[in-house]
Every structure is written in structure tokens, then in C-alpha cells.
Amino acid sequence: MTTTRTKPAIDQALRLKYVLDGTFRANPDYQLIALDQLPADQRELFAALSDNPDNYGVLMPREASGLPLKSACRDTARLFLALQEPAALPAFATTGPGENNNQGIAQLVLDGILQLSHHGEMLSGPAAYAAVCAASGHADATSGIAQLSREALLYAQSLPFTEAGMLSARLYSYGRLPVTGSWKRRFPHEGAVSRALGVDPGGKNALRLSAHWKSLPPEPDNDGWLFWQSRTPSTTEPLAACKLYLSPHPDYLAPAFEAMVPALEASHANAFKVGKDLNGVLRSDKMIAYFSRLEQLHAAADRILDTLAGCPAQGVPFTCQIETPLVSWGSDPVTETGVPPWLARQSWRLWITNRLAVSLIAARQQPNPHGREPWHFALDRLRLEGVNTDTWSPLQNRSTQKEK
């Protein structure tokens, strides 16, 4: 018999001040370059941007500015070119729903693309926080995963990296157990993981799995997984609208797997995967299942938690905990088009850590007269992307409030 689990409360999006009547300027530390004007070696690097006719070019940071390189759509490019000198926003930037315009302009300021005049200074990035955002605080972590995510941010904030990809990788892998001689002896090769799960040929779980699931070949660019798809996946709903993470300590890999599979079958999961080698076993997000609907995911979580009560967990940072760190969930962003290949396909966690890394680096390298720590700025900037950074779930009310 399952029990009703307490679901996390929904927080509010970051509150913004009304800035559309302000004076703005394109950040002079950026140079806007059209795609067809890029040097030949860089043109190939950004070839994917050319596939989307809405992309104009790139915003290239000037030397020693500390700013990240950014792509620019045609609307952003038009606005950037129109504001080479301090001025009010042009009419084309303020038409349409005011709330959406206000958030869009605020994001351009916080991202360092535009500067906003405030108390006689032209400010952007973290330095413009008080000019753009209403006062906000950050609640104490209220769950094990929330605390783990906070620790990951503090750790990343202390690292000297200035390249966002490297910092994102550290955030993403936070909580992974180190490879030791003991673990190497226990899982010396991929077959050892399959045997531990009982899914090797003749294994005790292989026959059961074959009745409801079909094994899929590894993806060429993501082959670290044993992957199964339901023999009766949804044909009318998205196959991976949300995903469940099961994060047992590796000592409990087999019982966790045996509890997960029947729970997924009963709740009509569409697919699931398990890390297939030692690195996969030691990562925190070692078991992931995909669902069409969130209520299906919660039904599976309830069954798993009832079966695995007291099971030691690692916990997956930047996911939404369901009662204990053993089980959590997330929702992958829509696949992006017209961006460089390494940004096109991102999981929920990678999408989050990429954005946190950019904001952390910006907050460390740019003036911050208000004494806010870089991780505070990173969390607030992520809220504008529709993430509840207290529970690490998508904000259900994604509209941003504004204040005069």
C-alpha cells in the first residue's frame, strides 16, 4: 500500500523592478559581429548558428573584459546597434506585453549585454542587480538535495576556472564517489555491472525484463548506459516529459534496481537507463526513468520509497527531492536549435549547471558593489529562466512579477 507523499511548495519567480522607462546603452565591452563577418576558423565553429535564420551573429567580448562570448538573435542585434549611445529604449523594444518586455530587457542587463543608467552610472551584470531586481533572499536548504546543491555551488564558487564548460562539469559531477581500488575490484568491467543487476544473459532479471522492456543499443555520443524502452510506450504523449532519478549508494545497486523495475512497469514509464560501468555506478544519477506525465512519476516514486525505506542514498544535485534524497525528479528543456552543437541537447541538470557556471564566473569577475556572493547572483539569474532554486523544480508560474 502506498502513502501520500508531501510535494514541495511552489515558489515565485524572481521579482523585477520596472525598467522599460530607463536609459540604456549597449555594453561597450562587447563587439557585435555578424556570422558572415567572422574569421574563417570561427565561422566553422559557429556553423550551427547559420541554420537558424533568426541568428544574426555573436557578441565577442573585448580583451580582459571577463565577459563570456554570446550568440545574438536579430532582435538582440538590432537593439544592441540602436543603443550605441545612452538613450531610451526604441519603440520596437517596448511593444507587446509589457511584463515580457520588462523581463527580456532585465535579462539583457543582468547578462551584461545592455547597461542601465542607475544613480549616474551605467551598470550591467551583477553590478546592476539592485537596479533591476527587487530585494530577494535565499531560504535555508530544506531538503537533503537542496543542501547538496548549495554545497555544490559553494564549491564551484571557490574554483579558479574562468571557462564555463569546465566549471559546469564540476557542478554536474558533484556528489560522484571517487574511484578506489575497492570499487575497481568490485566492478572491473561493464559485465560486472550487468551481473550485479542480474541482466546479463541468463541473469535472474533478464527474462523478466524481456517481457515488458526491450534493450536499446547505446547512443554513439552517450554510450555510458544500459538502456531499456517499454514495449508499450505512450503514442499520444511526450516520451520524456519528466524524468525520475534513483540514487542509491552503490552498495545497494541491485536491490534498488529490483525495486525500481516493477514500480516503473506499474506506473507506465516509457524508458529507463542505468550506468553500465564503474563510472556510471559511482555517479549520483546512476538510474534514470522517463515518463509522459508527472503523476506517473510520483506514483513510481511512492512505490520505490515504500520498498526501499531506509536505503542509503547519494542524492542528485540540482534535482527536486521526493521525500528523501534517494528519489528526485527533473524535466529536460526543449532541444535548442540554431545553437552550437555542444549546446543543442542538454539534460535538466546540464542545462542548469551550464547557466549556473556562466553566472558564477560573471559574478566573480565583474564589479559587485552590493556584497552579494556569486552563488546568490547565479541562483537569482536562474530563477528568470523558470527554475525554482529552492526545490530545483520548474516554476509552475513562470511569469515574472514586476515592481514600480
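The values are calculated or read from the model by the stated rules, or taken from the named source; none is laboratory data. A quick note: this is a predicted structure, and the numbers were derived from the prediction, not measured. Because the Cβ atoms are built from the backbone with ideal geometry, glycine has one as well, and the counts that use them run over all protein chains shown.
Computed quantities for the displayed model
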| quantity | calculated |
| --- | --- |
| Criterion violated by Val327 - all others in (1) crowded, with 18+ Cβ neighbours inside 10 Å; (2) touching a residue at least 60 places away in the same chain (Cβ under 8 Å); (3) outside any strand (DSSP E or B) satisfied | (3) |
| Gly202 more than 31 Å from the chain's Cα centre (by Cα) and either within 15 Å of Val281 (Cβ to Cβ) or without any contact (Cβ under 8 Å) to a residue 40 or more places away in the chain (or both) | yes |
| Members of region 1-16 that are surrounded by fewer than 17 Cβ atoms within 10 Å (Cβ to Cβ) and at pLDDT 65 or above | Arg15 |
| Residues that are crowded, with 20+ Cβ neighbours inside 10 Å and under 18 Å from Leu350 (Cα atoms), drawn from region 119-170 | Ile145, Ala146, Leu148, Ser149, Ala152, Leu153, Ala156, Ala164, Leu167, Ser168 |
| Residues located in region 47-68, provided they are under 26 Å from Gln366 (Cα atoms) and surrounded by 14 or more Cβ atoms within 10 Å (Cβ to Cβ) | Gly57, Val58, Leu59, Met60, Pro61, Ser65, Gly66, Leu67, Pro68 |
| Candidates Ala93, Ala88, Ala40, filtered to the one that is over 27 Å from the mean Cα position of the chain (by Cα), surrounded by fewer than 16 Cβ atoms within 10 Å (Cβ to Cβ), more than 29 Å from Pro374 (Cα to Cα) and in contact (Cβ under 8 Å) with a residue 12 or more places away in the chain | Ala88 |
